[in-house]
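Asks: Dumping the structure here so I can ask a few things about it.
The values are calculated or read from the model by the stated rules, or taken from the named source; none is laboratory data. As the structure is a prediction and not an experimental result, all values here were calculated from the model. Note that each Cβ is placed from the backbone with ideal geometry, even for glycine, and that neighbours are counted across all protein chains shown.
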Amino acid sequence: MQEHAEILFANEAFYFAFQLKDMEAMEALWAQRVPVACTHPGWPSLSGRDQVMQSWAAILNNPDNQGVAMRGAKARRYGETAFVTCYEMIGESLLAATNVFVLEDGGWKLVHHHAGPCNMPPADLPEEEESRLQ
């Protein structure tokens, strides 16, 4: 469905900005007019655009940042809200992630990202859907 393609495209753009360490692109992907939040693995939950953007600046500017590969993305839409569940590979660590989007100015913008450890990968996670952006 076209609506899911647009949501998945926004999700891919998020991981592309993450991989390229592109703070300008990361800032453009997050909603401006509604509250945002983020929970990075091992971090406390962050609320508000300033805290969330500061966290991404710290992550993207970290020289030890290993990059991220995303795969297994599935989108679900509910009116002007959508979420994507997927898996992230950071080094040898597998994380389960949820990204929540809202329609803002005609495009899908992030309002929440949450990723945490996943000790048991799903058996049906297709390797060919891996999206390693370099």
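Asks: Only residues that are assigned to a loop (DSSP other than H, G, I, E, B) and either β-branched (Val, Ile, Thr) or touching a helix residue (DSSP H, G or I) at 6+ places or on another chain (Cβ under 6 Å) (or both): list them for segment 1-37, please.
Replies: Residues satisfying the conditions are Lys21, Val34, Val36.
Asks: Then there is this: Just one of Tyr15, Tyr87 is without any contact (Cβ under 8 Å) to a residue 60 or more places away in the chain, surrounded by 17 or more Cβ atoms within 10 Å (Cβ to Cβ) and in contact with a Leu (Cβ under 9 Å, 6 or more places away or on another chain); which is it?
Replies: Tyr87
Asks: Which one is farthest from Gly42 (Cα to Cα), of the residues in segment 56-107 that are touching a Lys or Arg at 6+ places or on another chain (Cβ under 9 Å) and of a type in the set (Asp, Glu)?
Replies: It comes out as Asp105.
Asks: In contact with an Asp or Glu (Cβ under 6 Å, 6 or more places away or on another chain) and modelled with pLDDT of 95 or more - does that describe any residue in segment 57-76?
Replies: Within segment 57-76, none of the residues are in contact with an Asp or Glu (Cβ under 6 Å, 6 or more places away or on another chain) and modelled with pLDDT of 95 or more.
Asks: From the set of residues in segment 38-58 that are in contact (Cβ under 8 Å) with a residue 12 or more places away in the chain and assigned to a strand (DSSP E or B), which is nearest to Ala96 (Cα to Cα)?
Replies: By that ranking, first place goes to Thr39.
Asks: Provide a single number: the residues in segment 32-58 that are farther than 26 Å from Pro117 by Cβ and either under 13 Å from the mean Cα position of the chain (by Cα) or of a type in the set (D, E, K, R) (or both).
Replies: 3
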